[in-house]
4 protein chains.
Amino acid sequence: MATIGLRKARTIIRKALEKAREMELKPLSVVVLDAGGHVIAFEREDGASPGRFDIARGKAYGAVMTGMPGSALRDRAEAQAYFVNALNGLWDGKMVPVPGGILVRDGRGNVIGAVGVTGDTSENDAIAGMAGVEAAGLTGEA
Amino acid sequence: MATIGLRKARTIIRKALEKAREMELKPLSVVVLDAGGHVIAFEREDGASPGRFDIARGKAYGAVMTGMPGSALRDRAEAQAYFVNALNGLWDGKMVPVPGGILVRDGRGNVIGAVGVTGDTSENDAIAGMAGVEAAGLTGEA
Amino acid sequence: MATIGLRKARTIIRKALEKAREMELKPLSVVVLDAGGHVIAFEREDGASPGRFDIARGKAYGAVMTGMPGSALRDRAEAQAYFVNALNGLWDGKMVPVPGGILVRDGRGNVIGAVGVTGDTSENDAIAGMAGVEAAGLTGEA
Amino acid sequence: MATIGLRKARTIIRKALEKAREMELKPLSVVVLDAGGHVIAFEREDGASPGRFDIARGKAYGAVMTGMPGSALRDRAEAQAYFVNALNGLWDGKMVPVPGGILVRDGRGNVIGAVGVTGDTSENDAIAGMAGVEAAGLTGEA
């Protein structure tokens, strides 16, 4: 598959939110982007703040545009902040370099999109997102 | 109700897409915004072009920010283009003034959000969106 | 006086909204800018759409930045749209060239600020705004 | 209540400025945003610098969009600057992560808007703003 389709995107979101409820996390927001970084699907749970679409999309966008998942972008930001700031500048500020941005690959290892999760701690966001990706039969890199 | 919640947003999207399949429209994209113009939920059907999130959100955003649905914004754009261009400039280009941007009201007539639909003709986009809004038990102004 | 002060700004807003209620207009929003185009005071009546601050400020900003009130900017936009579009581009889209943008002068004819009103028709917006300016003992040009 | 209305917004501003005068603070500027981050009311005291609307709005906007008040955003900025810089980029620079951005909740704990105060030290800005919020019968988180 070249890019995540709507059916798998729905599964990713639904299962990520189920994981969040199971872990009793704060209200989450989950976005799925295609291999080109464009939005396929999104849901923001009731009680999540209004800016969460932007944050979720920012995490996923940074991952797909660089080929680096959120944890790697965070590590890079801590080691070389001016580089990550520059990336952010390239893309009109639409990048958020912290865990919760998950690269999604198909069975052959090709990147087919990215998932962005926000609302709880970055680490918990990533756990919920990975649960969604795996439930959809895909491989995630958080 | 003060703003559309996730459950009704899901219904709006699902029923709008069902209407689209029933009408055999091109692949559609449907976004639901809250009363402040922030994204609650979105789905882009397979085969829809990558830019459709932006277009759908632009239609809904213009409606909720001005209190004028897509058909009214289109009429205004045709009568006074420079005014609608100015509105577009206020919001960093995030406004698309054509049918498919639907104002959503609760039982008391208060605006609680907006729906944006894109992918087929503007008129068909609006028909599909209105079907979704009505199936959710809400009142739409297209 | 070199610029409108907060006391007169409050009077302008209060009296403009009183006029609006007297004329039974739709909910209005009124902003007062100083001679440099910066916000001194603003009020948005309940029921006015969320984008009205931007629109009101856009009308007033265009007036004070060009020295041309809303009616003159509208006339210019109708005669030479590309020029008014260019002005808008200069100021990041923050200009709305229609009536409701009122230049405010002191007793000597110096521009000391501008008022922006939006919510009803442009013409009614201007009438309400002028009532506010005059009640504050200032001279307005709509 | 779903969002702050104009009447309470006026009270918040008036009482915050009274507190400022009582504490003999520098000239303050106070903005009130609704639950979607849109401006309801604003006042800038005479002698306050021209950029204060933007700073006040930036403090309040960051609070309402993230659900994190100014003190929490400041702590996050000190611990993870690149994350807060990224948030700022998401919203076109319209976010100021320091005390003075106050989340406002109704009696049920729902966020109904935010207040932004600037002009003196951040801590004093927050004290004045909280006085305004409490005088309006609302709960603030600074």
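Quick look at the numbers
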read-out	value
Shortest-first nm distances, A:Gly47 label point to equivalent points in other copies (7 Å, Cα→Cβ)	3.4, 4.0, 4.6
Most mobile of C:Ala48, C:Ala79, C:Ala131 in a GNM of chain C (Cα contacts under 10 Å)	C:Ala79
Under the Karplus curve 6.51 cos²θ - 1.76 cosθ + 1.60, θ = phi - 60°, whole-Hz ³J(HN,Hα) for region D:126-141, x wherever Gly or Pro sits	5, 4, 4, x, 5, 4, x, 4, 5, 5, 8, x, 10, 9, x, 10
Using θ = phi - 60° and Karplus 6.51 cos²θ - 1.76 cosθ + 1.60, couplings along region B:16-23 (whole Hz; Gly, Pro as x)	5, 5, 4, 4, 4, 5, 4, 7
Efficiency of FRET between D:Lys26 and C:Arg14 - r from beta-carbon atoms, R0 25 angstrom, step 0.05	0.45
For D:Arg7, inter-copy label distances in nm, listed shortest first [label point 7 Å out on the Cα-Cβ vector]	2.9, 3.1, 5.5
Amide H contacts of A:Met68 (H built 1.01 Å from N, under 5 Å, at least 5 apart or other chain)	none
Cα centre as origin, Lys/Arg/Asp/Glu Cβ charges: the protein assembly as shown dipole, Debye	240
Net dipole in debye of chain A [+1 Lys, Arg Cβ; -1 Asp, Glu Cβ; about Cα centre; nearest 20]	360
Average partner coverage of B:2-9, which counts Cβ from other chains inside 10 Å	4
Charge dipole (chain D, unit charges on Cβ, about Cα centre) - positive-most of D:Ile4, D:Gly62, D:Val104	D:Ile4
Amide H contacts of B:Thr118 (H built 1.01 Å from N, under 5 Å, at least 5 apart or other chain)	B:Ser29
Karplus (6.51, -1.76, 1.60) ³J(HN,Hα), θ = phi - 60°, over region A:80-97, in Hz, Gly and Pro reported as x	8, 4, 5, 6, 5, 4, 5, 4, 4, x, 4, 10, 6, x, 8, 10, 10, x
Per-copy distances of the B:Gly109 label point, shortest first, in nm (7 angstrom along Cα→Cβ)	3.6, 4.8, 6.4
Within a Gaussian network of chain B (alpha carbon springs, distance under 10 Å), most fluctuating of B:Ile112, B:Ile40, B:Ile55	B:Ile40
Calculated FRET value between C:Gln80 and B:Ala79, using beta carbons and R₀ = 22 Å, to 0.05	0.80
Residues of type aspartates and glutamates that D:Lys8 reaches as a straight line, Cα spacing below 20 Å, ignoring anything fewer than 8 places off in the same chain	C:Glu18, C:Glu43, C:Glu45, C:Asp46, D:Glu18, D:Asp34, D:Glu43, D:Glu45, D:Asp106, D:Asp125, D:Glu134, D:Glu141
Axis-nearest residue in chain D [Cβ, rotation onto A], distance in whole Å	D:Asn85, 5
Amide proton proximity set for A:Thr139, modelled H, under 5 Å, gap of 5+	A:Arg105
Among A:90-98, A:31-39, D:86-94, the order from most to least packed when residues are scored by Cβ within 10 Å on average	A:31-39, A:90-98, D:86-94
For region A:88-119 and region D:67-142, distance of Cα centres in Å	28
For chain B, calculated [θ]222 nm from helices alone, where every DSSP H run of n ≥ 4 adds -39500 (n - 2.57)	-15000 deg cm²/dmol
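A short reminder: the numbers here are calculations on the coordinates, not readings from a lab. Computed from a prediction, not measured in an experiment: that's the story for all the values here. All Cβ positions, even for glycine, are placed from backbone atoms using ideal geometry, and neighbour counts span all protein chains on display.
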